[in-house]
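I have placed the structure first, in the form of structure tokens, so that the comments after it can refer back to it.
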Amino acid sequence: MGSSPQPTEGLGLRSEAHTKGQAPEVLYLCTTFPRLSETFVEREVRHLHKTLPLRIVSIWKGGEAPDLPVQKIPLLALLTLFGRIPFWLLRKPSGLLSLLQLFFHRFPRSFLNLEETLLGMGMGMILADQVRKNRPAWIHAIWATAPTTAALTLHKLTGVSFSFGAHAYDLFQDGGDCLLREKIRAASWIRTSTLASKQELIARGATPDKIVLIRRGLQELPDRQTPRPATGKVRLLSIGRLVAKKGYSEFIELCDELRKRGVPFNAIIIGDGPLREELQRKIVERQLGSFIQLTGALPRPEVEPYFQNSDLFVFTGVVSKDGDRDGLPNVVPEALAHGLPVMVRPALGVLEAITHEETGVVFEEETPSDWADQLLEVWEDHPKRVKLSETGRRWVEENFLSQNNTSLLAEKILSSQSPPPKGPQR
């Protein structure tokens, strides 16, 4: 029925496992893999790869992972859509037309989501011929944006079942992904990592039994450091991308309040992003250059000494103007694992790990002056910091180990698979 689309071997799209005739794989769709700011994803992938015949597809560039089976689809492959679209219109007109209808009916609310949606559809069609000929056992998309759009495209064109992950950005920025409701209906199940995201998925039409709550996790536990007595400078640490939802402007306000009070301190912010110049300018304006250091993004091994040489971890996340917010930032459990007392603003996802006065401290008011009062109270109460160090570490041990949580995800994927048809699908 129509001529086959252009072959993909020259574009680097063939799977090594398929060429060797191995068992059907789990197709694991990412936006960019690996990525320095998403080391938690790489931890999860490495554990999954030990259990499942996994093939990772990175649809938008990505770093190097020589020991993992990663496909990176070159953008030039999108040129082959001129041949693929007519092919799929002939072979599966209902699937392709329903995708186009969804796109125009649920048009993206932002240019970024428009780009993600078009990228996902295009890459889904590019992968569809490969999936048709070598049917995977399952498809799992890590994010509800471009990767799940690709998974939805593959589902409509080839019938392969899929699941996907939905997290804070997917659900909240600019009102969430434009095709989210359709993805919820079409997916077999949805993975999320916070109760707050689960409630939002239910509000978007997902039934509770369709949602699987599986947290992220740490690959291994570092040695827990015991908080030192309150002598010398208090050393503050915060880690994350320099974007609005992280609330670094407010963190600088807190530091300015400490400076005005004559409190000896230093603060480290690890991360990079579009707000770096703006934040650096604010640091200079507030005469905080000798107090706050912006390190930029650092590889994971270089971050470790900062955990070990800090006294308090501070998270001042906000809901940004476009609606984006954090769920449970992975750096919060990382700080808890190191035995660092953690102080946070009361964001819903963060409060699933930080219980006030038990596993951490929640800022009770909304002014930097009040935050400074609480911070100094915690800093000067050494027994309290020792207790927070112990209980915070215990929460991580019970809830945030990658091997345990990824095993739950692997079991869910394995239990969802149905035996594939025999032979290539013509």
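The values are calculated or read from the model by the stated rules, or taken from the named source; none is laboratory data. Small disclaimer: the values here were computed from a predicted structure and weren't measured. As a convention, Cβ positions derive from the backbone with ideal geometry for all residues, glycine included, and neighbour counts pool all protein chains shown. These accessible areas exclude ligands, DNA and RNA; they are computed on the full protein's heavy atoms, side chains included. Shrake-Rupley method; radii C 1.70, N 1.55, O 1.52, S 1.80 Å.
Kindly evaluate residue 376 against the criterion of being open to solvent by less than 60 Å² (accessible area, probe 1.4 Å) and assigned to a helix (DSSP H, G or I).
Details: open to solvent by less than 60 Å² (accessible area, probe 1.4 Å): yes; assigned to a helix (DSSP H, G or I): yes.
Answer is yes for this residue.
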Look at region 146-165 and say how many of its residues are open to solvent by 10 Å² or more (accessible area, probe 1.4 Å) and closer than 18 Å to residue 178 by Cβ. 2
Looking at (1) under 28 Å from residue 217 (Cα atoms); (2) out of contact with any strand residue (DSSP E or B) (no Cβ under 9 Å at 6 or more places or on another chain); (3) open to solvent by 20 Å² or more (accessible area, probe 1.4 Å), which is the one condition that is false for residue 60? (2)
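So which residues in region 332-351 are touching a helix residue (DSSP H, G or I) at 6+ places or on another chain (Cβ under 9 Å) and either outside any helix (DSSP H, G or I) or surrounded by fewer than 20 Cβ atoms within 10 Å (Cβ to Cβ) (or both)?
Kept after step one, since they are touching a helix residue (DSSP H, G or I) at 6+ places or on another chain (Cβ under 9 Å), are these residues of region 332-351: 332-345, 347-351.
Hits for region 332-351 are 338, 339, 340, 341, 342, 343, 344, 345, 347, 348, 349, 351.
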Do the conditions hold for residue 394, that is, is it assigned to a helix (DSSP H, G or I), in contact with a helix residue (DSSP H, G or I) (Cβ under 8 Å, 6 or more places away or on another chain) and on the phi < 0 side of the Ramachandran plot? no
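Against the definition (more than 30 Å from the chain's Cα centre (by Cα) and either open to solvent by 30 Å² or more (accessible area, probe 1.4 Å) or within 18 Å of residue 349 (Cα to Cα) (or both)), how does residue 412 come out, yes or no? Steps first, please.
Values: more than 30 Å from the chain's Cα centre (by Cα): no; either open to solvent by 30 Å² or more (accessible area, probe 1.4 Å) or within 18 Å of residue 349 (Cα to Cα) (or both): yes.
No; evaluated as a whole, the condition is false for this residue.
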When you go through 259, 241, 224 one by one, which is the residue that is under 24 Å from residue 335 (Cβ atoms), free of Cβ contacts under 8 Å to residues at least 40 places away in the same chain and among the basic types (Lys, Arg)? 259
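Got at least one residue in region 126-133 being open to solvent by 30 Å² or more (accessible area, probe 1.4 Å), of a type outside the set (A, V, I, L, M) and touching a Pro at 6+ places or on another chain (Cβ under 9 Å)? Quick ask: steps written out before the conclusion?
The initial filter retains those residues of region 126-133 that are open to solvent by 30 Å² or more (accessible area, probe 1.4 Å), namely 133.
Those left that are additionally of a type outside the set (A, V, I, L, M): 133.
If we keep only those that are touching a Pro at 6+ places or on another chain (Cβ under 9 Å) as well, we get 133.
Yes: region 126-133 contains one or more residues that are open to solvent by 30 Å² or more (accessible area, probe 1.4 Å), of a type outside the set (A, V, I, L, M) and touching a Pro at 6+ places or on another chain (Cβ under 9 Å).
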